[in-house]
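Visitor: This is the structure, below, for whatever I ask next.
A short reminder: the numbers here are calculations on the coordinates, not readings from a lab. Just so you know, these numbers come straight off a predicted model, no measurement behind them.
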Amino acid sequence: ETLRKYPGLPFLNRECTLDYKVPESELVIRKGTQLVLPIYGFSMDEKYFPEPERYVPERFAEATKNYDEKAYYPFGEGPSICI
């Protein structure tokens, strides 16, 4: 929960390696496009974490898991992930 509320990095930079059409959209992200993933923004968005301003360690307990795993990057993402 501490890493959700106070992430080590506020964002991640990535480069698109293949052309990608966003589902249900006309948007195509072209190969070579630089992307920014707003880690802090995800972690404080009620869409992904109910009551994001509250410090609730129990939200990560298996029995009471209450968050969207696709929006949680405590140690980065990809081949250079910290752990």
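Visitor: If I stretch the segment between Val22 and Leu35 completely, what's the gain in nm (0.36 nm per residue apart, minus their alpha carbon distance), one decimal?
Guide: Fully extending the segment from Val22 to Leu35 adds 3.3 nm.
Visitor: A further question follows. What does the helix-only formula give at 222 nm for the chain: each DSSP H stretch with n ≥ 4 adding -39500 (n - 2.57), the total divided by the residues, and the result rounded to the nearest 500 deg cm²/dmol?
Guide: -2000 deg cm²/dmol
Visitor: In the chain, how many lysine pairs have Cα atoms under 27 Å apart, counting only pairs 8 or more places apart or on different chains?
Guide: 9
Visitor: With a bin width of 10 angstrom, please list the P(r) values of the chain as percents of all Cα-Cα pairs, from the 0 bin to the one holding the largest distance.
Guide: The calculated distribution, bin by bin, is 16, 41, 30, 13, 0.
Visitor: Okay, moving on. Output wanted: per-residue J couplings in Hz (rounded whole) for region 18-30, from phi through Karplus 6.51 cos²θ - 1.76 cosθ + 1.60, θ = phi - 60°, x for Gly and Pro.
Guide: Result, ordered by residue: 9, 4, 9, 8, 5, x, 6, 8, 8, 6, 10, 8, 7 Hz.
Visitor: How high is the relative contact order of the chain, in percent, with contacts defined as C-alpha pairs under 8 Å that are six or more residues apart?
Guide: 31 percent
Visitor: Under a 10 Å cutoff between Cα atoms, tell me which one of Glu58, Glu46, Glu24 has the largest fluctuation in the Gaussian network model of the chain.
Guide: Glu24
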